Amino acid sequence: MMTTKKQLSVGHACALGALQRRWRERRRQYLLIEYHEFTKYLDPASGQFYYVHRGEGYSTWARPGGGGGGDLPLLQPADAEQERAKKRRAQQSAASHDVVDAKYERRRLVDGARSRRADETVSARAEAARLEEAEYEQAWAEAFRFAAKSGELNLSNKAFFFGRRGIHPYVYSFPERFRGRELIALRLAARGLEELPGRLGKTVTSLTTLALPSNDLTKLPESICSLARLTSLNVLRNRLVELPPKIGDLGKLVDLQIATNRLQTLPPSFGNLTRLDRLVLDCNRLRRLPETLARLACKVVSINSNQLVSLPRCVFQIEVLEFLSANDNKLRQIPNCIGDSRSITRLSLCANEITEIPESVALMTRLRELRLDHNKPLAVLPWNFFLLTSLESLHMEGNTGMMYPTQDKLVQGAAAVREWFRRRQKRALFVREHRIVTAFQDIMEQIVEAKPRVCSPAFFEPDVSKDGASWYAVVADNFWERALPALRETWDENRARAGRATCLPYAREEVEKVLRTYRDAEGCVQIENARTYFRRCACVDARGNRRVCVPPAPGWMCEREATLVKMRVVLQREKIERERRRRERLAVDQAIEEARLAAREFAQSEEGIATFRVQARERARTEMAARRRRRWESDRAAKTTNAARQIRAKFEQRRAALRAQRRQNEEAAYGRLRDDLEPREEALDGYARDKVRAEIDRVIQTIANPPEDALLEALDRELEAALEKSRVATESSSSFFAAGGVNLFHKSSDARELEELTEELEVDLVNRYAAKQVKQAEKLVREEHAKMRKIAASWAGLAARDVFLAWKRHARREKRRREKDRWTSRADELQAAADCAAALELARWNLAKYEKVEDVWTDQIYWTRVDTGVVVWDEPQLDDLLPSTLRIPEGMRTDQAQVDQVLADQAKAVVNPVSDEDLDTPPESESESESEEEEEEGGHGLLVAVDEGEDEETSSMMEPSVEAEEAPALEEWDPAEAYLPGVSETEVEERRRREVEVAQERARARRRRVLEKQRAAAQQGAPPPSALEEEKPKEEEEKDEASAVGPTC
């Protein structure tokens, strides 16, 4: 049957349409399977379809909705196997990443917490900065409102700091912003300013007052010198190191306060500030002052607490200066030009290192107050001190080295010191000459010690021998023109040793005159035009050219004329004392030699040989026993040490085996963990993985706590027990006596050693006996000479009876005064101790009221007070309840008995037994004192009786003072000449006999008084007093009186 063309086209169209429909159906099913939430499966057991959710994994029998209204296509078996493999791989991948995720999760949490804290800190700082900025602006706004009315900008009472923000910009344009109002005062105290802007002086030229105290400024800008109208500048308590060089351009400056900074010097232009009324430079680091200060017109200059070594001349050239204070510096000398300032009325130079006051100070006729406290090197005041007729107040406390005048005279005031110097004017002339000579000798010694050298060996030669003395050879012109100026440079640079002279405040003519006329105990102290050898040559001919000299002797290059100055001045008292010491030394040497000879004779006699032999043998036996015991103890210690060493070696082997076993077990556990358990953990899942993980935990626990550790600890305990057992066995098994210590001398070797030791000890005993005899002989001779010195000191007071009686009355008053001071001091100590005890008791009482409580919710401990209910989290301590300013002794804190004793002592405190009226009232009249003194002395003129029991302090108080012997005046007598030349041996023996008789008579009188009191007590039925109780108050009274008595003539 033939088909037409039309029929073929229709058939093709139908086939094409069927293909398209099948393609669309498959496409729909693919998209449904790809994007649907569920997957369809066939259950082979029941033959029904079920559906599994792709994301959550649960299954359902009900057909889910969606997917275009049709059912899901059934997944083929191959597709289902692929899906299960994909799911399994996803689970394995998730399990393998669990460990890594857990590791990094904790790090993420920590980083997050840190980030949050950092953000909080940044935000808090930003908020604080914002608040500070707001406070800054508000403070400036308030200050500007006040300044717009008064012209004074004051931020000194604000509670904020500028820091690096500095001064507000509105300050520089103040007139433009506030209707032409000029800024005349700027006060910025304690604002934390670190730098002052330079444009302040260029823009705010109307300032008359600038106050910047208590800031952190290190320098002032140069532009501040452009403030021509400035009258007051306050930069107290800053850190200024220097001032602007043009500070002198502030010509109208009246008030300048620059104390408490770090200034080291002042600019030269500082002298142009001629309108300053006061100059206060306290608490800086000034080392020098410019000479231009002489142009100032200040009435007050204060340069306390600096580092000045000397006062410049310019200070004393200020014409209107009335008060000068230079306390707490390093001043060593006062210039001679101090007398040029006739206007000074008050001078204070306390807490320095001043060694000498120049004589020109007497020219300050208007001086009314002088303070020289705490200058330890200061020893004397100038001899013409009595010329200070206007002086009303003199303060010289804390000058421990003061000798002329003494402290007892200084405390009496300026008038008494001035009168004291007037009476001693004649004697002061001699002292002045002596001081000039000693100062010149000190300078000569400094020339010898100076490095680098200040004087050439061609003009100076020390230690030249002539007439049995040592001299300095010096060319006078070279000394005054070259050596002395060079030495002054070392003084200015503070290179002189402590205690040395640092000035020569005398004219050349006076020094040369004194050296020519001064005489010491051995003769003159200067020889002029003496031919002397020098180690260097500096000779010149008539034309001034160098001339070579012929060496006069080996080691010397030149011989010419020079001035010889004695190296050491010998006073008369020193000569007498030297002779006395020489005689005493000869007597001691003679007594030592006699004692040595006597000891040798006794040692060589039969009696001595037998005595020393017996003593030596006894000591040798004792020493041999000690040696035997030491050897036995050494052997026993060696045995014990060897046994302990063997035990330790044995246990060390066992310990090493346990350590090796532990190391092997650890390596095996690590290998099993690495090669077996960890791969299985990654490959398995579910219950099998949990079992593997539990096994891993057990292996790790075994590695962390191996069983061998317990075995090692047990081994250590076993070792200690073995060592203790060995030690006990060694000590109990042997003793010194069981080892043969008793039978020490039975062996021949011990007998030979004993004999050798006996001979050595015999020689040693002989030497010790001789040394002991020598020492006793020396002691006896020295005691005899000490008694002779006491007797000589008592003879020196034969012509000073009235003075001694006056001193005795003064001593009794001082005794009562000391008794009052002791009682007052004791009362103060008791009061302070009672305060401490009361505060301690109160603190303990308060501390006992706190109870310890535990919070059941937070398990934290806190303390609550029972009576007030106050809760504190920190445990109350005793120190927290005590006053912060009270110092409690450490013993009082721990010892309650000491607290009770202090309170009892305070309760039993008595009233002051000595009143102020008793100190002013004399104990007895002068006639009664004199009669009592005559009765005590037994009718003869001796003031002090020296016997075996005389107090050492009393005898020392009766010795002539150093000051009295220093330089005797024309109308005074030398105490050393009172007994040596004019007293014969017969008179010495007679006086000693009289002294012994007086001492014996006094002893008999004391015994009679004691017997009478004992009889009276026996009649009344009371216990009789002992002799010691009778004599003790008398001895204490005499000792107190003697200690209060000052140096007599």
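The values are calculated or read from the model by the stated rules, or taken from the named source; none is laboratory data. Being a predicted model, the structure only gives us computed values, none of them experimental. Backbone-built Cβ (ideal geometry, glycine too); neighbour counts: all protein chains shown. Please note that ligands, DNA and RNA were not included when accessible areas were found on the heavy atoms of the full protein model with its side chains. Shrake-Rupley method; radii C 1.70, N 1.55, O 1.52, S 1.80 Å.
Some observations on this one:
- Cα gyration tensor category, rounded, prolate or oblate, for the range 509-559 with a/c compared to 1.5: oblate
- Its Cα centre serving as origin, the range 289-432 has a Cβ charge dipole (Lys and Arg +1, Asp and Glu -1) of approximately 460 debye.
- More than 13 Å apart - percent of Cα-Cα pairs taken over the range 255-318: 60
- DSSP bridge orientation in the range 367-515 - percent antiparallel, rounded to nearest 5: 55
- If you take the alpha carbon atoms of the range 351-433 and fit the smallest convex hull around them, that volume is 84 Å³ per residue.
- Using a probe of 1.4 Å, the accessible surface attributed to Lys202 totals some 150 Å² when neighbouring protein chains are kept in position.
- Debye, to nearest 20: dipole size of the range 516-592, +1 on Lys, Arg Cβ, -1 on Asp, Glu Cβ: 160
- The range 346-411, relative contact order [Cα under 8 Å, separation at least 6], %: 35
- Exceeding the 32 Å Cα-Cα cut-off - candidates Lys376/Lys466; Lys566/Lys787; Lys330/Lys409: Lys376/Lys466; Lys566/Lys787
- With protein chains left intact and a 1.4 Å probe, residues in the range 458-556 average 60 Å² of accessible area per residue.
- Sites Tyr687 and Arg865, calculated FRET efficiency, Cβ-Cβ separation with R0 60 Å, nearest 0.05: 0.45
- Using the average count of surrounding beta-carbon atoms within 10 Å as a protection proxy, the listed peptides 473-480, 805-812 rank, highest first, as 473-480, 805-812.
- Under Karplus coefficients 6.51, -1.76 and 1.60, residue-wise ³J(HN,Hα) of the range 756-769 in Hz, glycine/proline x: 5, 5, 5, 5, 5, 5, 5, 5, 5, 5, 4, 5, 5, 5
- C-alpha center-to-center spacing [the range 813-860, the range 192-218] in angstrom: 52
- Whole-percent carbon and sulfur share, accessible surface of the range 406-478, 1.4 Å: 50
- Packing here is the average count of other Cβ atoms within 10 Å per residue, and on that basis the peptides 616-624, 634-642, highest first, run 616-624, 634-642.
- Summed over all non-identical Cα pairs, the Kirkwood treatment of the range 276-364 gives a radius of 12.9 Å.
- Taking 0.36 nm per residue of sequence separation and removing the Cα-Cα distance, the Lys779/Thr345 pair yields an extension gain of 150.3 nm.
- Approximate spin-label separation Ala721-Glu528, in nm, with each point projected 7 Å along Cα-to-Cβ: 10.6
- Taken along the Cα-to-beta-carbon direction at a fixed 7 Å, the label points for Lys772 and Arg645 span 4.6 nm.
- If the segment from Ala379 to Ala827 were pulled out straight at 0.36 nm per residue, it would be longer than the present Cα-Cα gap by 157.7 nm.
- Once the Cβ-Cβ distance of Gln20 and Gln701 is raised to the sixth power relative to R0 = 51 Å, the FRET efficiency obtained is 0.15.
- Residue-span extension gain [Glu593 to Val320] - 0.36 nm each, minus C-alpha spacing: 90.8 nm
- FRET E, pair Gln412, Ala294, Förster distance 51 Å, beta-carbon r, rounded to 0.05: 0.85
- The rule of thumb for compact globular proteins, 2.2 N^0.38 Å, goes into the C-alpha radius of gyration of the range 178-291 1.01 times.
- With contacts taken as Cα pairs under 8 Å at a separation of at least 6 residues, the range 140-240 carries a relative contact order of 24 percent.
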